[in-house]
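Reading through the structure tokens given below for one structure.
The values are calculated or read from the model by the stated rules, or taken from the named source; none is laboratory data. In this text the structure is predicted, and so the values were computed from the model without any measurement. No Cβ is skipped: glycine too gets one built from the backbone with ideal geometry, and neighbour counts run over all protein chains shown. Surface areas here come from the heavy atoms of the whole protein model, side chains and all, with no ligands, DNA or RNA. Shrake-Rupley method; radii C 1.70, N 1.55, O 1.52, S 1.80 Å.
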Amino acid sequence: VVMACGFRAEDLRSALGDEVPGEARIHYVEEPEPLGTAGPVRLAADRGLLGERFMVLNGDLLTDLDLTALQATHAEHDAVATLALYPVDDPSAYGLVRRASDDQVLDFIEKPDPGQIDTDEVNAGAYVLERGICDLIPPGRAVSIEREVFPRLVGQGLYGRRLDGYWMDIGTPERYLQASWDILEGRVRSDVSPRDDGVLVDPDASVAATAVVGPRAVVASACEIGEGATVSESVLLDGCRVSERAEVRGSILASGVQVGEGARVEPGSVVGEGARIAPGAVLSDDARVAPEEMVSS
């Protein structure tokens with residue numbers, strides 16, 4: 001497994017380690033500067049980390065699409081590249097991918113006008129590629145695989161496979177929370193086993209008898225929820241403390257956040273690692289708190 005890393009690569013390495021036990025080694029390729037969606041593929045190829053056939057998967061997606069079916073389509077057509085396609089209600093927000101009845105990709109349309117929308121299929125950010133495609137990626141600069149590489153392959157062995165299932169870009173706090181609820185409520189296949197009420201509390205977390213957790217909440221390891229506190233529609237990562245009578249609603253708390261007694265964190269807030277919310281303080285809707293910051297009012 002090759003992880004193409006730009007921002008905070010060391011944090012990613014720390015979280016994932018160097019292997020999937022019994023399954024695979026994990027290699028990390030760090031971009032010296034932003035290289036777009038294709039540049040890291042060329043970088044990995046130049047370092048000898050890619051086989052003759054490999055997959056490229058966007059890392060900001062939550063999905064249970066059938067990647068084995070995508071590989072089968074690629075092999076069936078002896079393709080150079082095969083794209084996972086996903087049906088969406090409003091493809092204008094993503095751009096269209098048109099394909100023929102034999103699955104060959106015919107055209108890409110970015111930001112289509114209403115009259116141009118004749119399919120609901122968009123690029124789902126999962127590809128099966130042959131090693132030779134790397135020769136189409138100029139080294140040492142940012143390259144877009146969607147805009148610079150794939151269009152050159154139309155008519156040259158580029159195919160697409162429509163895949164049904166769950167698919168969501170989790171690149172914003174709002175979508176990250178929605179994806180969390182979709183996991184808890186079983187809309188996407190996963191190994192998570194929440195309680196019947198859609199709440200996931202780590203066994204190492206401590207929740208006081210008079211605290212209210214839910215509806216919809218994730219409380220990670222070593223968290224503490226005090227007497228009379230409320231946590232609803234929120235994700236608390238490792239080691240957070242919500243003190244007595246404090247409230248956290250519709251928000252994301254990074255590891256080690258401390259919410260003081262009687263404080264309130266209003267919906268849409270994102271609180272950085274190790275931040276402190278003073279007793280009685282109120283974070284207004286959609287607040288952003290930097291790591292280690294102290295909020296006193």
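Observations, loosely collected:
- For the range 167-209, the tally of residues that are among the polar types (S, T, N, Q) and either open to solvent by 80 Å² or more (accessible area, probe 1.4 Å) or part of a helix (DSSP H, G or I) (or both) stands at 3.
- Extreme residue, surrounded by the most Cβ atoms within 10 Å (Cβ to Cβ), among residues of the range 87-98 that are touching a Ser or Thr at 6+ places or on another chain (Cβ under 8 Å) and assigned to a strand (DSSP E or B): 97
- Qualifying residue in the range 4-23 (condition: under 22 Å from the mean Cα position of the chain (by Cα) and closer than 23 Å to residue 166 by Cα): no
- Residue check: residue 164 meets all listed conditions (1) under 30 Å from residue 200 (Cβ atoms); (2) loosely packed, with under 12 Cβ neighbours inside 10 Å; (3) free of Cβ contacts under 8 Å to residues at least 12 places away in the same chain but one, namely (3).
- The listed residue being buried (at least 16 other Cβ atoms within 10 Å of the Cβ), in contact with a strand residue (DSSP E or B) (Cβ under 7 Å, 6 or more places away or on another chain) and in a helix (DSSP H, G or I), out of 70, 83, 62: 70
- Enumeration of residues in the range 1-17 that are of a type outside the set (Ser, Thr, Tyr) and open to solvent by 70 Å² or more (accessible area, probe 1.4 Å): 1, 7, 8, 10, 11, 13, 15, 16
- Within the range 18-36, the set of residues being open to solvent by less than 60 Å² (accessible area, probe 1.4 Å) and assigned to a loop (DSSP other than H, G, I, E, B) comprises 26, 31, 35, 36.
- Matching residues in the range 219-260 - criterion: being open to solvent by 10 Å² or more (accessible area, probe 1.4 Å), of a type in the set (A, V, I, L, M) and free of Cβ contacts under 8 Å to residues at least 60 places away in the same chain: 220, 222, 237, 254
- Residues that are among the acidic types (Asp, Glu), assigned to a loop (DSSP other than H, G, I, E, B) and either at pLDDT 90 or above or under 24 Å from residue 132 (Cβ atoms) (or both) within the range 99-110 comprise 102, 103, listed in sequence order.
- Qualifying positions in the range 111-152 - hydroxyl-bearing (Ser, Thr, Tyr) and either farther than 15 Å from residue 54 by Cα or open to solvent by 10 Å² or more (accessible area, probe 1.4 Å) (or both): 119, 144
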